[in-house]
Amino acid sequence: MANKGPSYGLSREVQSKIDKKYDPELEERLVQWIIAQCGDSIGNPEPGKQGFQQWLKDGCVLCELINSLSKDSKPVKKIQSSGMAFKQMEQISQFLVAAERYGITKSDAFQTVDLWEGKDLAAVQMMLMSLGSLAVTKGDGCYRGDPSWFHKKSQENKREFSEDQLKEGQSVIGLQMGTNKGASQAGMTGYGQTRQIFNNK
């Protein structure tokens, strides 16, 4: 984590809520996938939240991951391990840009400080889950690992209708509009007549 003093009051409360979202079981699955995807050369993190953050913090593992998901050209050209903070943050940013080009939505992406300062590692987990799901869904042969680790994203199912089918559909009354089947006026009195009230005494 970054060199920061302890937080107090509301800040501490908010941070503890964010920390509770972190899933150790999900961490295990993500580590397994990243190693299967990139190879053993990237090493193994120390178990636990701190180890996971330190493993990904310099951005090298993440850049290797996004490169391994691309067939032809590598989205991150230069991957360099560096101890300098701004270099590490720059590499994380390069990963985020490449992931967005790969198909990750902005709402699924984490902020650089979420990882580098360890502010929200649950957001990092969620983005890696989305990346894994997207890789499985694409099915372009770049995904390595067990496909059951991630769910497939839903895909577009476009339908083509002929002109005749479209015209036919205009004459059908949808059931959400109600139905008039079984309706009859049997037992109703004619308009303008007084209501019939019987007193059976």
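The values are calculated or read from the model by the stated rules, or taken from the named source; none is laboratory data. Note that the structure is predicted; figures quoted are calculated from it, not measured. Here Cβ is always computed from backbone atoms with ideal geometry, including for glycine, and neighbour counts include all displayed protein chains. For accessibility, only protein heavy atoms count, side chains too; no ligands or nucleic acids. Shrake-Rupley method; radii C 1.70, N 1.55, O 1.52, S 1.80 Å.
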**Q.** Of Lys106/Lys167; Lys77/Lys106; Lys78/Lys158; Lys49/Lys158, pairs whose Cα-Cα distance is over 32 Å
**A.** Lys106/Lys167; Lys78/Lys158; Lys49/Lys158
Q: Could you work out the local net charge near Ile34, counting Lys and Arg as +1, Asp and Glu as -1, over the other residues with Cβ closer than 15 Å to its Cβ?
A: -4
(Q) For the ranges 65-72, 35-42, 79-86, 121-128, what's the packing order if you count other beta-carbon atoms within 10 Å of each residue, average per peptide, and put the highest first? (A) 121-128, 65-72, 35-42, 79-86
Q. Rounded if a/c is under 1.5, else prolate if a/b is larger than b/c, else oblate: which is the stretch 11-101, with a ≥ b ≥ c the root eigenvalues of its Cα gyration tensor?
A. prolate
Q: Report the net charge of residues surrounding Ser81, where surrounding means a beta-carbon distance below 10 angstrom and charges are Lys +1, Arg +1, Asp -1, Glu -1.
A: 0
**Q.** Difference of contour (0.36 nm per residue) and Cα-Cα distance, Leu10 to Lys106
**A.** 31.8 nm
Q: Take the solvent-accessible surface of the protein heavy atoms, probe 1.4 Å, and return the percent of it on the stretch 103-154 that carbon and sulfur atoms account for.
A: 53
**Q.** Neighbourhood net charge (14 Å Cβ-Cβ; Lys/Arg +1, Asp/Glu -1) for Gln91
**A.** +2
